[in-house]
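Read through the structure below, which is laid out as structure tokens, and then see the notes.
The values are calculated or read from the model by the stated rules, or taken from the named source; none is laboratory data. Quantities reported herein were computed from a predicted structural model and do not represent experimental measurements. Here the Cβ positions follow ideal geometry from the backbone for every residue, glycine too, while neighbour counts run over all protein chains shown. Protein only, heavy atoms only, side chains kept; ligands, DNA and RNA dropped before computing areas. Shrake-Rupley method; radii C 1.70, N 1.55, O 1.52, S 1.80 Å.
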Amino acid sequence: MLEEHGGGHDPFAEVNETVSRACEILGLPDDVRQIFCSTYREISVQIPLRRSDGSITVLRGYRVQHNGARGPYKGGIRYHPEASLSDVRAMASLMTWKCAIVNLPYGGAKGGVMVDPHLLNEGELEQLTRRFTLAISYVLGVNRDIPAPDVNTNAQIMAWIMDAYGSRYGHQPGIVTGKPVELGGSLGREAATGRGVVNIIAEAANDLGIPLDGARVAIQGFGNVGSNAAKLILELGCKVVGVSDASGGVINSNGLDIDALLAWTAEHGGVAGYPEADNATNNDVLTMDCDILIPAALAQAINDDNAEDVKARLVVEAANHPLSSGADALLQDKGITVVPDILANAGGVTVSYLEWVQNIQQYRWTEDHVNRELGSVMKRAWGEVHAYAVDHKLPLRDAAMCLSVARVARAAKLRGYI
Ligand code: GLU
């Protein structure tokens, strides 16, 4: 029996709808569907955090391993007040399918600590990271489970994870990816997710006949993924006409100067108030007149309330699970093409894999080499998904999920556990 969720919005159940649909299309038996719609191992840990004022805040953290048929578990760790168990399960499942779609030898996992890291100082953040790492360290390992950055976590946090793990088990740089370059991180990892998104847009536009020269792009989210995608998409001849983040949104139909916007954001903490544009809300940016929309923030940004108003021709899911199931169906009815998260944002974990490979070989590749490898992985994955969608007359999300589920099912069968 699959576990029930206590009412309300249940991200894991939404992801499982797509997984179940793929199992059905592939004709897989129900017991296999049940394996794929539940997780292998979940640990939930208490993190008592000593605050700078001497008080203790008790936090909760999770590491969820979804499926390991294709290799060690792989996936990021997020620090967010809404990183609930259902959310982390959903993201762990997406990692299984994401790694399979780009053909990495990994299974899927995700971690989360329910906390708003903006309320912590640097020392508290470090202590939280060390405690959480040691609490989940029993299920980690270079060949077992390899964390990485996700929402609100970064290279510095990965360095603390590596150090905390190493203090107990001996130095092993391949235990975590997305590390600072000085500590064995890969050149190109920081921008990899955004770069992969842009690689996919180039391929999709070509196959779908969308002219890129002068194409108007709106980006929701201006963190690591959104800002790198914004910079790199200019190289395709597109212009970025709208950007939003937690502070609000900015719109300029002539195209925003991304370097200037980045400088403004660094100084003011968000895009709001940037002078060379009109002020807007997050929703204005999601529903503005544009050709390509890139949701690059949190889950469910496009939902039953605003999906009807989306005007883009192509939606590229740079975030994980940015569309609710209802919104996904609505966009499909409107004839909008959606490139699903497990394909669109797989560039991050792809360069994580390249980092892991370099760590194991104790060797360093040039940034050009990394970017070329990334480009060819994304191009091949797009080609396979697009061809499957055309051959089987399926939306890209179902096509991507069918390809991934078939690969994981094949690995599980070869191992002898289904
Ligand atoms: N957190 C990123 C994702 O959702 C990267 C995961 C990784 O590199 O392992 O894909």
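Among the residues of the range 312-322 satisfying the criterion of being open to solvent by 10 Å² or more (accessible area, probe 1.4 Å) and not charged (D, E, K, R), which is farthest from GLN172 (Cα to Cα)?
HIS321
Among VAL197, VAL225, VAL243, which is more than 16 Å from the ligand (Cβ to nearest atom) and of a type in the set (Val, Ile, Thr)? Please lay out each step first, then the result.
Numbers: VAL197 fails: more than 16 Å from the ligand (Cβ to nearest atom); VAL225 fails: more than 16 Å from the ligand (Cβ to nearest atom).
Selected residue: VAL243, the only one of VAL197, VAL225, VAL243 that is more than 16 Å from the ligand (Cβ to nearest atom) and of a type in the set (Val, Ile, Thr).
For the range 65-90: of the residues being hydroxyl-bearing (Ser, Thr, Tyr) and closer than 23 Å to ALA159 by Cβ, which is farthest from the ligand (Cβ to nearest atom)?
Looking only at the range 65-90, we keep the residues that are hydroxyl-bearing (Ser, Thr, Tyr), and these are 73, 79, 84, 86.
Narrowing the set further to residues that are closer than 23 Å to ALA159 by Cβ leaves 73, 79.
Numbers: TYR73: 9, TYR79: 12 Å.
Filtering the range 65-90 for residues that are hydroxyl-bearing (Ser, Thr, Tyr) and closer than 23 Å to ALA159 by Cβ, the one farthest from the ligand (Cβ to nearest atom) comes out as TYR79.
Does the range 95-109 contain at least one residue that is more than 15 Å from the ligand (Cβ to nearest atom) and hydroxyl-bearing (Ser, Thr, Tyr)?
No - not one qualifying residue is present in the range 95-109.
Which residue pairs have Cβ atoms under 6 Å apart, sit 6 or more places apart or on different chains, and have a first residue in the range 65-76 that is under 17 Å from SER44 (Cα atoms) and in contact (Cβ under 8 Å) with a residue 40 or more places away in the chain and a second that is aromatic (Phe, Trp, Tyr) and part of a strand (DSSP E or B)?
Going by the 6 Å Cβ cut-off, the qualifying pairs are GLN65/TYR73.
Of everything in the range 83-117, what is without any contact (Cβ under 8 Å) to a residue 40 or more places away in the chain and of a type in the set (Asp, Glu)? Give them in sequence order.
Passing the criteria: only ASP116.
If I filter the range 23-50 down to residues being exposed (fewer than 14 other Cβ atoms within 10 Å of the Cβ) and in contact with a strand residue (DSSP E or B) (Cβ under 9 Å, 6 or more places away or on another chain), which single residue comes out as nearest to LEU403 (Cα to Cα)?
Among those residues, the one meeting the criterion is SER44.
Tell me which residues, restricted to the range 382-394, are more than 19 Å from the chain's Cα centre (by Cα) and crowded, with 17+ Cβ neighbours inside 10 Å. Before the answer, list the steps.
Within the range 382-394, the subset more than 19 Å from the chain's Cα centre (by Cα) is 383-384, 386-394.
Of everything in the range 382-394, those that are more than 19 Å from the chain's Cα centre (by Cα) and crowded, with 17+ Cβ neighbours inside 10 Å turn out to be GLU384, HIS386, TYR388, ALA389, LEU394.
Give me the strands (runs of 3 or more DSSP E) completely within the range 207-262, filtered to those with at least 1 residues that are acidic (Asp, Glu), ordered by residue number.
Working: elements: 216-220, 239-245, 248-251.
Ranges flagged: 239-245.
In the range 49-64, is there at least one residue being in a helix (DSSP H, G or I) and more than 16 Å from the ligand (Cβ to nearest atom)? Steps first, please.
At the first step, the residues of the range 49-64 found to be in a helix (DSSP H, G or I) are none.
No, the range 49-64 contains no residue that is in a helix (DSSP H, G or I) and more than 16 Å from the ligand (Cβ to nearest atom).
Anything in the range 218-245 that is touching a helix residue (DSSP H, G or I) at 6+ places or on another chain (Cβ under 8 Å), of a type outside the set (D, E, K, R), open to solvent by 10 Å² or more (accessible area, probe 1.4 Å) and free of Cβ contacts under 8 Å to residues at least 40 places away in the same chain? List them, or say none.
Result: SER227, ASN228, LEU234, LEU236.
From the list ASP257, ASP207, ASP245, ASP163, which residue is within 20 Å of the chain's Cα centre (by Cα) and of a type in the set (Asp, Glu)?
It is ASP245.
Of all residues in the range 68-97, which are acidic (Asp, Glu) and crowded, with 22+ Cβ neighbours inside 10 Å?
Initially, the range 68-97 is screened for residues acidic (Asp, Glu), giving 82, 87.
Correct list: ASP87 only.
Being closer than 14 Å to TYR79 by Cα and either open to solvent by 30 Å² or more (accessible area, probe 1.4 Å) or within 12 Å of the ligand (Cβ to nearest atom) (or both) is the filter here; which residues of the range 126-154 pass it? Outline the logic, then answer.
Within the range 126-154, the first condition is being closer than 14 Å to TYR79 by Cα, and the residues that meet it are 126-133, 147-154.
Scanning the range 126-154 gives GLU126, GLN127, ARG130, ARG131, PRO147, ALA148, PRO149, ASP150, VAL151, ASN152, THR153, ASN154.
Check off (1) assigned to a helix (DSSP H, G or I); (2) surrounded by fewer than 22 Cβ atoms within 10 Å (Cβ to Cβ) for GLU190 and give me the number that stays unchecked.
Here GLU190 clears every test but (1).
Considering only the range 275-289, I want to know if a residue exists there that is assigned to a loop (DSSP other than H, G, I, E, B), touching a residue at least 60 places away in the same chain (Cβ under 8 Å) and within 23 Å of the chain's Cα centre (by Cα). Even if it seems obvious, please write down each step before you answer.
Quick first cut of the range 275-289, residues assigned to a loop (DSSP other than H, G, I, E, B) only: 275-277, 281, 287-289.
From what is left, the residues that are touching a residue at least 60 places away in the same chain (Cβ under 8 Å) are 288-289.
Add one more test, that the residue is within 23 Å of the chain's Cα centre (by Cα), and what stays is none.
The answer is no, given that none of the residues of the range 275-289 is assigned to a loop (DSSP other than H, G, I, E, B), touching a residue at least 60 places away in the same chain (Cβ under 8 Å) and within 23 Å of the chain's Cα centre (by Cα).
I'm told ALA164 meets every condition in (1) closer than 14 Å to ILE77 by Cα; (2) small (Gly, Ala, Ser); (3) away from the ligand (no atom under 15 Å from the Cβ); (4) open to solvent by less than 10 Å² (accessible area, probe 1.4 Å) except one. Can you identify the failing condition by its number?
Among (1) closer than 14 Å to ILE77 by Cα; (2) small (Gly, Ala, Ser); (3) away from the ligand (no atom under 15 Å from the Cβ); (4) open to solvent by less than 10 Å² (accessible area, probe 1.4 Å), the lone unmet condition for ALA164 is (1).
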